[in-house]
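A.B. asks: Before I ask anything, here is the structure I am working with.
What follows draws every value from the coordinates through simple rules; no lab data is involved. What you are looking at is a predicted structure, and each value in this text was computed from that prediction instead of being measured. When we count neighbours, we look across all protein chains shown, and the Cβ atoms used for this are built from the backbone with ideal geometry, even at glycine.
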There are 2 protein chains.
Amino acid sequence: MGKTTDSSDAKAVGEAVDPARLERDLAFLATLGARDDGGVARLALDANDTQARLWLAEQAAALGANASVDAIGNLFLDLPGSDPTLAPVVTGSHLDSQPAGGRYDGALGVLAGLEALRALGDAGIQPRRPLSLVSWTNEEGARFAPGTSGSAVFCGVRGLDETRAIRDADGVSLGSALDECLAALDAAGIPRRPLATPMHAFVELHIEQGPILERVGAPAGVVEGIQGVSWFEVTLSGSANHAGTTPRAMRRDALEGACALAASLREAARDEADRVRFTIGKFVVSPGSVNTIPDRVTFSIDLRHPEAATLDALSASFRLLAGQPWAGCQATLTPLSRIEPVDFPAPLTALLADTAEDLALTAPRLMSGAFHDAIHLAGHCPTAMLFVPCRGGLSHHPDEHVDLDEAVAGTRLLAASLARLCA
Amino acid sequence: MGKTTDSSDAKAVGEAVDPARLERDLAFLATLGARDDGGVARLALDANDTQARLWLAEQAAALGANASVDAIGNLFLDLPGSDPTLAPVVTGSHLDSQPAGGRYDGALGVLAGLEALRALGDAGIQPRRPLSLVSWTNEEGARFAPGTSGSAVFCGVRGLDETRAIRDADGVSLGSALDECLAALDAAGIPRRPLATPMHAFVELHIEQGPILERVGAPAGVVEGIQGVSWFEVTLSGSANHAGTTPRAMRRDALEGACALAASLREAARDEADRVRFTIGKFVVSPGSVNTIPDRVTFSIDLRHPEAATLDALSASFRLLAGQPWAGCQATLTPLSRIEPVDFPAPLTALLADTAEDLALTAPRLMSGAFHDAIHLAGHCPTAMLFVPCRGGLSHHPDEHVDLDEAVAGTRLLAASLARLCA
């Protein structure tokens, strides 16, 4: 800590980021739950996930930070600021993965945050505000659905008891898995901390999980918000009849109707600007026999857009379309869930964009199409996100990949932005 | 046998059919494999199917006929003709059912044949040609696939050994189930008979399994042939990506492609006369997750038409369509099977139609959309079929239903036609 750096000197802070240290941490973390195919299976609150928490807590000492854990298992590393009355600036993401997951989704945000905190120390930044790193519990929801448990409970969006009651496929409750994890942290001497503590700002770095940054060749992106999403289920009912004996004029073919309705819904969702995300991912045809006319098709719609009004308008169009007969079949459209879009505050995204400019980094603004813990934090404190590109937009897959150069660029941008926020 | 009737006197022969006797037989046979829902589960070569054969063989004595069974389990009841050097006129169908089958599919053809033989005797017809009733083994193919085993082996279309080697879902071979059945028939003193014995003609009565006769209010139909059928498998390959993060322009959505290709194939198969039967019955979407763009769709095509040239032309159109890209996805079209159309000989169908006219029965000509044992017999001897309507065109279902009046009308037409054929 011999030198001191001006918190606003993005370049100096950024240069303190050590690519070798980040690379080493990424490689080590990938050993916890390593799969033979190079991927990672570190399911929420399993032994590897607990091991990852213990490892992260061990990093506190070298940083001069204090580790603590809350009732839902979120692990914090807190660096004091010069004014202890101020709320902290917080960064972080999650350490759990999908069952056939990659090394970067979640993990990169935690490790970039850790490296950013180290870089601030190495650069001799004297933060006025406290600075915290957090790893949120069960973001993926792969073992215990739904995900984003840690951030949702922390922010009061979901109750602790209802979340503890969720069971995995083997019937193990999240609560009992959590108690095992907390016992291991207790044994390591890590103290408890309350939920819902105030924050000055939260900035999460994450892989994009989409193709945009790679296509434009940008090493990072400033996320302006998270799209809203509506899920629907559509069912068409026709008549099952013999494929060989039933003339076309006497058919009510649920698949014929479903293909036509799906095409019309897709067309209704088509926008010039290509901002609407419309996906039919699940599509089940019954009885599913080669020589029987289908009598029932059920399909899903996943609809996303940054604006609630557009989601509303499209939902209304979908209802009208589903109200018509399709190949003589009756359709029903059932809304399953809706999550409102989140806009991150302009001053915070402007700070991130300005910092990128100061670092001479191309960091276009974009929306997040996927959920993140930041969606809950956005209701708790000023929140924003940074994205780094992942190869081919691929995530939730063992082949998920981030170039080290781009991970480093994103970490520099995160570190320099945190330095400004905690000044 | 006090009276004698002219074989060409359709009315007199028809009047000898006894509705109560037919009704009683239908009710009795429905007890062998009865389901709680009113349907029948009499799977090929199971205990109920063997019981049904034993019952049928017992009816021989009252008819003055001889029962015999061949190596594939086809059971024959043979009535002698006045000229024993002539090949017999044969009628019959099958006694096995689908697992959730009805009382009439197959069974009605056997029982109508039995009642027709009785009626000829009661009417005092002295047949010149021998007259036989047959029940073919495993028409349905529900337990041992493919079906029409008895007729195919009898006619030399398939080998006995390969057919015996087929196994059911429990691993039981058709051969071992057949041996059990044959042992029961042996114990009842029923002698063996050779395969492939010559026939003068074969006429099969069957339920239509389609809606046409019911729609036109006809109690019977003269079947002119059996449609040809081509089966295909179509596969589309795209890219699985995140539903929230992948812009439309960067997608290769296999489901979008499959719906568009399916609609184009359906349109290509559309004919004014409504003679083409085009069905997509199986349609499987992968990975089938609400928030993942599908990367693979596999679907079936069942295409039927009475003319081989039309099947050829449509197959060629399908190949051209599948050769194009669909929503950026590559499609492949694989032919799985093809069965050529069969035209029944005009003199035989004319005899059936003339007999219907003599009985003052409305019996329109139509094609069979479904397979029947008659498809194999058509290569063995002059063959034709009679249909009777079934309620709502429904078959392969416990609710399958035939009005007794229409079953009787069909049986009268069968009896009067057999009388003419064996004269």
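A.B. asks: With equal scatterers on the alpha carbons only and no solvent term, can you work out the Debye log10 of I(q)/I(0) for region A:75-152 at 0.15, 0.25 1/Å?
C.D. replies: Summing over Cα pairs of region A:75-152 leads to -0.57, -1.09.
A.B. asks: Report, in whole Å, the centroid distance computed from the Cα atoms of region A:119-170 and region B:408-423.
C.D. replies: So the two Cα centres are separated by 82 Å.
A.B. asks: Could you give, in nm with one decimal, how far A:GLU180 is from each other copy of that position, shortest first, with labels 7 Å out from Cα toward Cβ?
C.D. replies: Listed shortest first, these distances are 4.7 nm.
A.B. asks: Ok, one more. Hey, what did region B:99-243 get for relative contact order, percent, Cα under 8 Å, at least 6 apart?
C.D. replies: Numbers: 86 pairs, mean separation 29.7, N = 145.
Here the relative contact order equals 21 percent.
A.B. asks: Further question: Per residue, how big is the convex hull around the C-alpha atoms of region B:283-343? Give it to me in cubic angstrom, could you?
C.D. replies: On the way: hull volume 5.3 nm³, N = 61.
Normalising the Cα hull of region B:283-343 by residue number yields 87 Å³.
A.B. asks: Just to be sure I understand: chains A and B are related by a rotation, so which residue of A has its Cβ closest to that axis, and how close in Å?
C.D. replies: Of all Cβ atoms in A, the one closest to the rotation axis yields A:CYS259, 2.
A.B. asks: Something else now. What are the label-to-label distances in nm, one decimal and shortest first, from A:PRO84 to the same spot in the other copies, with labels 7 Å along Cα to Cβ?
C.D. replies: For A:PRO84, the other copies' label points sit at 11.9 nm, shortest first.
A.B. asks: Among A:LEU255, A:PHE278, A:ILE301, whose Cα sits farthest toward the positive end of the charge dipole of region A:228-339 (+1 at Cβ of Lys/Arg, -1 at Cβ of Asp/Glu, about the Cα centre)?
C.D. replies: It is A:LEU255, whose Cα lies furthest towards the positive end.
A.B. asks: Between Rg and the Kirkwood Rh of chain A, both from Cα atoms, what is the Rg to Rh ratio?
C.D. replies: Details: Rg = 23.9 Å, Rh = 22.9 Å.
Rg divided by Rh gives 1.04.
A.B. asks: Still on this structure: Of A:ARG21, A:ARG103, how do they rank once you tally other Cβ atoms within 10 Å and put the fewest first? Spell out each step's value before the answer.
C.D. replies: On the way: A:ARG21 16, A:ARG103 25.
Lowest to highest Cβ neighbour count: A:ARG21, A:ARG103.
A.B. asks: Hey, if you drop one equal point scatterer on each alpha-carbon of region A:364-423 and run the Debye formula without solvent, what base-10 log of I(q)/I(0) do you get at q = 0.17, 0.18, 0.24, 0.26 Å⁻¹?
C.D. replies: Cα-only, vacuum Debye calculation for region A:364-423: -0.75, -0.83, -1.20, -1.24.
A.B. asks: Cα atoms only: what Rg and Dmax, in Å, come out for region A:228-339?
C.D. replies: Cα only, region A:228-339: 15.1, 50 Å (Rg, Dmax).
A.B. asks: Between B:GLY369, B:GLY228, B:GLY323, where does the largest GNM mean-square fluctuation fall for chain B, given springs only between Cα atoms within less than 10 Å?
C.D. replies: Per the Cα network of chain B with a 10 Å cutoff, B:GLY323 tops the list.
A.B. asks: If we count other beta carbons within 10 Å of each Cβ, what is the order of B:ASP403, A:ASP405, fewest first?
C.D. replies: On the way: B:ASP403 14, A:ASP405 11.
With the fewest neighbours first, B:ASP403, A:ASP405 line up as A:ASP405, B:ASP403.
A.B. asks: Rank these for me by crowding, A:PHE28, B:PHE387, going from fewest to most other beta carbons within 10 Å. Each step should come with its number before you reach the end.
C.D. replies: Details: A:PHE28 12, B:PHE387 27.
Exposure proxy ranking, most exposed first: A:PHE28, B:PHE387.
A.B. asks: Do any cysteines of chain B lack a neighbour Cys whose Cβ is under 4.7 Å away, and which are they?
C.D. replies: Cysteines of chain B left without a disulfide-compatible partner: B:CYS155, B:CYS181, B:CYS329, B:CYS381, B:CYS390, B:CYS422.
A.B. asks: Quick check: convex hull over the Cα atoms of the protein assembly as shown, volume per residue in Å³, rounded to an integer? Walk me through the numbers before you get to the answer.
C.D. replies: Working: hull volume 144.3 nm³, N = 846.
Value for the protein assembly as shown: 171 Å³ per residue.
A.B. asks: Taking a label point 7 Å from Cα toward Cβ, how far is A:ASP6 from its twins in the other copies, in nm, shortest first?
C.D. replies: 12.4
A.B. asks: Report relative contact order for region A:1-82 in percent, whole number only (criteria: Cα-Cα under 8 Å, sequence separation at least 6). Intermediate results must be reported in sequence, preceding the final value.
C.D. replies: Values: 51 pairs, mean separation 11.1, N = 82.
The value is 13 percent.
A.B. asks: Restricting things to alpha carbons, tell me how big region B:1-150 is in terms of Rg and Dmax, in Å.
C.D. replies: Computed over the Cα atoms of region B:1-150, radius of gyration and Dmax are 15.8, 48 Å.
A.B. asks: Once you charge only the Cβ atoms, +1 for Lys and Arg and -1 for Asp and Glu, what is the size of the charge dipole of chain B about its Cα centre, to the nearest 20 debye?
C.D. replies: Values: 34 positive and 53 negative charges, 182 e Å.
The calculation lands at about 880 debye.
A.B. asks: So how far, in whole Å, is the C-alpha centre of region A:246-289 from the one of region A:227-244?
C.D. replies: First find each Cα centre; the distance between them is then 8 Å.
A.B. asks: Here is a further query. Over the whole of A:369-376, what's the average partner chain Cβ count within 10 Å per residue? Rounded to a whole number, please. Display every interim value, and only then the final one.
C.D. replies: Numbers: counts 7, 5, 2, 0, 0, 0, 0, 0.
Per residue, the average neighbour count from other chains is 2.
A.B. asks: Would you please classify the overall shape of region A:193-237 from the alpha carbon gyration tensor, given that a ≥ b ≥ c denote the square roots of the eigenvalues, rounded means a/c under 1.5, and beyond that prolate means a/b larger than b/c while oblate covers the rest?
C.D. replies: Values: a/c = 3.47, a/b = 1.20, b/c = 2.89.
Oblate.
A.B. asks: Averaging sequence separations of C-alpha pairs under 8 Å and six or more residues apart, then dividing by the length of chain B, give the relative contact order as a whole percent. Present the calculation step by step, with values, prior to reporting the outcome.
C.D. replies: Numbers: 995 pairs, mean separation 105.5, N = 423.
After rounding, I find 25 percent.
A.B. asks: Can you tell which of A:LEU265, A:LEU320, A:ALA331 lies farthest toward the positive end of the dipole of region A:228-339, using +1 and -1 charges on the Cβ of basic and acidic side chains (Lys, Arg; Asp, Glu)?
C.D. replies: A:ALA331
A.B. asks: Tell me the mean residue ellipticity at 222 nm calculated for the protein assembly as shown from its helices only (DSSP H runs of n ≥ 4, each -39500 (n - 2.57), averaged over every residue, nearest 500). Let's see the in-between values first.
C.D. replies: Details: 28 runs with 288 residues, N = 846.
When only DSSP H runs of four or more count, the value is -10000 deg cm²/dmol.
A.B. asks: Here is a follow-up. How big is the gap, in Å, between the Cα center of region A:81-111 and the Cα center of region B:329-355?
C.D. replies: Region A:81-111 and region B:329-355 have Cα centres spaced 67 Å from each other.
A.B. asks: Which value, in nm² and rounded to one decimal, describes the direction-averaged projected area of the C-alpha convex hull of region B:163-297?
C.D. replies: Values: hull surface 63.8 nm².
Averaged projected hull area, Cα only: 16.0 nm².
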